[in-house]
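Down below is the structure, laid out as structure tokens.
The values are calculated or read from the model by the stated rules, or taken from the named source; none is laboratory data. Not measured: the values here are computed from a predicted model. For neighbour counting, all protein chains shown are included, and Cβ atoms are generated from backbone atoms with ideal geometry for every residue, glycine included. In case anyone asks, the SASA skips ligands and DNA or RNA and just uses the protein heavy atoms, side chains included. Shrake-Rupley method; radii C 1.70, N 1.55, O 1.52, S 1.80 Å.
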Amino acid sequence: MIYCVEDDDSIRDLMIYTLTASGYEAMGFAESGKFWKALKKKMPQLVLLDIMLPGEDGIAILKKLKASPLTAEIPVIMATAKGSEYDKVIGLDMGADDYLSKPFGMMEMISRIKAVLRRAAPKGKNETLSYGGIVMNKAKHQVTVNDQPVNLTLKEYEILKLFMENIGQVFTREQLLSTIWSNDFLGETRTVDVHIGTLRTKLGGAGSLIGTVRGVGYRMEEQSA
């Protein structure tokens, strides 16, 4: 899935049409609000991001994407105004993977996308996380415990992934709420406790690896050698 954030309807429609014709799934967004909502439901392979947007601009969106552990690795191609070297430099410095100068051709767009996706393809050693009998295949979005499949919701999966990538690190409820549900989610820290509880239950005996740091939050416990 490729997300296109572009406020010009005709350009966005042409981008979506070209992507679909080239064999990609694609969704388009005219502004940041609907983009963030879609991101909570499904993570894309890549984001095509226009800099000049109404409200929250492309640079602000890029900054938020790269600041979150959940979205920092999503490749981003920025669309900049022709001759706007400053925007290109800022975008690349902030973690953009490539840029397209407007007006750009659709075949150039597809070529850039293919090149970025090749560079961003996960290496075999990074596709799987394994700890204490829990195995997470990130490429397939699957989790097993002692070789038995475990069905997790998206939020449970994201919490577990964050813990397994940061063994021993304590996350406060506020940090988890902000990271997993994003800053614009108007919820309570109790939401985190409920999801931690269901995650532990689904993991069975391995659920005890998720420890509570009283008065602080949660972490994946380090196992003694």
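For the chain, the solvent-accessible area of protein heavy atoms averages 53 Å² per residue (probe radius 1.4 Å; ligands and nucleic acids excluded).
Peptides 15-28, 67-80 ordered by packing proxy, namely the average of other Cβ atoms within 10 Å per residue, highest first: 67-80, 15-28. Counted residue by residue at 0.36 nm each, then reduced by the alpha carbon distance between them, the extension gain from E73 to D147 reaches 23.9 nm. Considering all different alpha carbon pairs of segment 1-50, the Kirkwood hydrodynamic radius works out to 10.7 Å. When Kirkwood radius over Cα pairs in Å is computed from the coordinates, the matching label among (1) 18.6; (2) 19.9; (3) 19.1 is (3).
Quarter the surface of the alpha carbon convex hull of segment 132-225 and you get the mean projected area, 6.3 square nanometres. Net charge of the neighbourhood of K41, taken over other residues with C-beta under 14 Å away and scored Lys/Arg +1, Asp/Glu -1, is +3. Expressed to the nearest 5 percent, the antiparallel share of DSSP beta bridges inside the chain is 50 percent. Pairs from the list K37/K114; K102/K140; K41/K66 with a Cα-Cα gap above 30 Å: K102/K140. Of the solvent-accessible surface of the chain, computed with a 1.4 Å probe and all protein chains present, 52% belongs to carbon and sulfur.
Over the chain, what is the relative contact order in percent, taking alpha-carbon pairs closer than 8 angstrom and at least six residues apart?
Value for the chain: 13 percent.
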